[in-house]
1. Have a look at A:SER277, A:SER284 and point out the one that is under 22 Å from A:ALA430 (Cα atoms) and either of a type outside the set (Gly, Ala, Ser) or out of contact with any Cys (no Cβ under 6 Å at 6 or more places or on another chain) (or both).
2. Filter segment B:249-284 for residues that are within 10 Å of chain A (Cβ to nearest Cβ), more than 25 Å from A:VAL272 (Cα to Cα) and assigned to a helix (DSSP H, G or I) and give the result.
3. Please tell me if B:ILE16 is under 29 Å from A:LYS424 (Cα atoms), away from chain A (no Cβ under 14 Å) and either surrounded by 18 or more Cβ atoms within 10 Å (Cβ to Cβ) or at pLDDT 90 or above (or both).
4. Give B:MET274, B:MET270, B:MET198, B:MET232 a once-over and let me know the one that is crowded, with 23+ Cβ neighbours inside 10 Å and either out of contact with any strand residue (DSSP E or B) (no Cβ under 8 Å at 6 or more places or on another chain) or free of Cβ contacts under 8 Å to residues at least 24 places away in the same chain (or both).
5. Within segment A:201-215, can you find the residues that are buried (at least 22 other Cβ atoms within 10 Å of the Cβ) and in a helix (DSSP H, G or I)?
6. Would you please name the residue that is nearest to the other protein chains (Cβ to nearest Cβ), looking only at residues in segment A:262-308 that are touching a Gly at 6+ places or on another chain (Cβ under 8 Å) and among the hydroxyl-bearing types (Ser, Thr, Tyr)?
7. When you check A:LEU189 against the structure, is it within 14 Å of chain B (Cβ to nearest Cβ) and surrounded by fewer than 22 Cβ atoms within 10 Å (Cβ to Cβ), yes or no?
8. Sort out for me the helices (runs of 4 or more DSSP H) sitting completely within segment B:85-163 that have 1 or more residues that are within 14 Å of another protein chain (Cβ to nearest Cβ).
Amino acid sequence: MKNPTTPNSLSRRDLLKRGSAVALGAAVGSQAITGFPTIWAQNIKNVTLRQFGTGVSNINAIAQKAKEDLGINLELTALDTDATAQRVVTQPKSFDIADIEYFTLKKVWPSGNMQPMDISKLKYFDKIAGTFKDGKLTPSSTIAQGTAPHTVSFTDGPNSKSFSKSMTNWYTMVPTIYNADTLGIRPDLIGRPINSWTELLNPEFKGKASILNISSIGIMDAAMVCEAMGEVQYGDKGNMTKEEIDKTMAIFTEAKKAGQFRAFWKTFDESVNLMASGEVVIQSMWSPAITKVRSMGLPCVYQPLKEGYRSWGGGLGLARNLSGLELDAAYEYINWYLSGWVGGLLMRQGYYSAAPETSKLHMSDDEWGFWYEGKAAKNDIIDPFGNKMEPAGAVRDGGSFLERMGNVKCWNSVMDENRYMVRKWNEFIAA
Amino acid sequence: MNRQSPLSTLLQISPISLILGFFLVLPIGTILIVSFWDYNDFSFFPDFVWTNYSDALGSNVTYKTYLNTFWYAGLTWLCTFLVGFTVAYFLAFHIHTTRWQIVLFLICTIPFWTSNIIRMISWIPFLGRNGVFNTMLQSIGLIDEPLEFLLFSDFSIVLAFVHLYALFMVVPIFNSMMRIDRSLIEAAIDGGANGWQMLTNVVIPLCKPGIAIGSIFVVTLVMGDYITVRLMGGGQRASVGVMMWNEISLLLYPAAAAHAVVLLAVVLIMVSLMMRVVDLKKEL
């Protein structure tokens, strides 16, 4: 516990601040938005929560806003995806909140270093998208291959180390963001339409392609390519057999030896540099990396491909050692996270918020139309950091939420043959 | 001479034993123990299995990776030796005042005021496809297409190594050269030796300890490196260090520990071979 002020020791300044927040809330409320502003618990002021995650959602702006709204100190650490798994497993006391992906969760949950959340304490649980409950985007949609978030979202009790097949009152992680990933391209340097995953290994781009070196994600991109080429038929891309892994890696090793790849990347900024410098013209990429390249004034497209998308989701989980006031603060923080402001920020980076309705309240109609509904922008689209990203009239690559998320073919995954896959992946990297 | 009491001897050797015990023996012992443990996707646990070693030594990739690492170490050694010897020779024999020797020597160390990651990364925009060097060559009409081998290649890796580690050669060789009695060189010249004979018969033999120390530095640093190979190789070149780092990032600690033990053995053998060539104890 780090110096919480007593609940009733309100300074004049706090009162003024809170007063203006209420006034603002009343103004917003008059436009028929319900439930705002929430008065956040006051006894958690100055509690420090240590959170780590990948660079994509560990943004200082979130820590600043959390300080303003909740008074908590959020200490953020940005790590690469593999390092996030290491952190949970090897340094369980070094964090309070883990901002990790669902496939990472599948790997680390059995370690017992995280504790599930009591759903009855989550204010916005009913606003969370179906993908993170029963797995269905719409009542009629089919569930894609791989580690779909809902398969690892529920557990049986506060001390359980396994996953529950059906919905329970114990949530392993509160979902925050998800997205449909595809290949990023530099249309100015390619100069022709790209519409299939096979293009990643097209000899036309010899020495100008890249794939990410995070095995659980990279193998899925590789599988999308091999399947599109018709070279490998998979029973389930999200849970490959040894033979399927061998075939996939053989095709990629051959391409690597032929000089297809310029580099492999591991962190988001590496992919930005490769693309922005023109070293690479086609590669695995993440949405905010595209945003970043575009705000540098370079054309970069998150190319929708006919075979569909590879998807992922991330959320916030609690460390096992959290208790007492800090645990309360963590719940409060997570409720705040889902209340919309953060969702709006993440949506403006090209992600989807796991609680879209609340995020909508923090975006303009034009922004919502552009990012979520796939409509043409009426005004310039500005990224969360104030840079102009798209001129008026632009349409999001891939279109609306349903067109993109409805076309997901697999989720990032951890397979039964994970250990074998990792070994083969390492051999590919070293080949 | 008085015989010292056992207690005072014990007190005298205890600081170094404690330091070596905590920072050398203990960590290496831990690695050795962990290398026999077993692991699954998310944790590793005490056991006594040989699978980590059989996986490591039974895989072709390991041998290829070692060959690759030797190749980097060999090339880097050769380049740093040529650069280091030349610079040290110039400083020791062509600069006649101590003041200037110190000034120029300090200039050599300037790059070391920055982090080695920064020194490495600064090569990337310089050597890239649309980088400064390629743009310059193209604008003066020397080449039509950018030279791709400059970046994310063995070339860029060795270049960065030489840049990072040349000083480790310069310093010990310079030190050895400064200890050479100048009258030996005069005697060689008086005896009719030409420049080349003077170099090969007098200077090089007397610099051997410096060369050996520099070589040990450079070779061990390159053998254990992972970040240079990863950054300058664009993540798709392998070295033993990169292989271990991949395993660590995938939580395969026992496998990485086994590789670390093998690497330690290999490097110890290499160093002992170097000590064979130069008897450091005698020369110092």
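1. So the residue among A:SER277, A:SER284 that is under 22 Å from A:ALA430 (Cα atoms) and either of a type outside the set (Gly, Ala, Ser) or out of contact with any Cys (no Cβ under 6 Å at 6 or more places or on another chain) (or both) is A:SER284.
2. Those that are within 10 Å of chain A (Cβ to nearest Cβ), more than 25 Å from A:VAL272 (Cα to Cα) and assigned to a helix (DSSP H, G or I): B:TYR253, B:ALA255.
3. So B:ILE16 fails the test.
4. B:MET232
5. A:LEU201, A:PHE205, A:SER215
6. A:SER277
7. Judged against the criteria, A:LEU189 is a match.
8. Numbers: elements: B:98-109, B:116-121, B:123-127, B:132-139.
Hits in segment B:85-163: B:116-121, B:123-127, B:132-139.
The values are calculated or read from the model by the stated rules, or taken from the named source; none is laboratory data. Just so you know, these numbers come straight off a predicted model, no measurement behind them. Don't worry about glycine lacking a Cβ; one is built from the backbone with ideal geometry, like all the others, and counts go over all protein chains shown.
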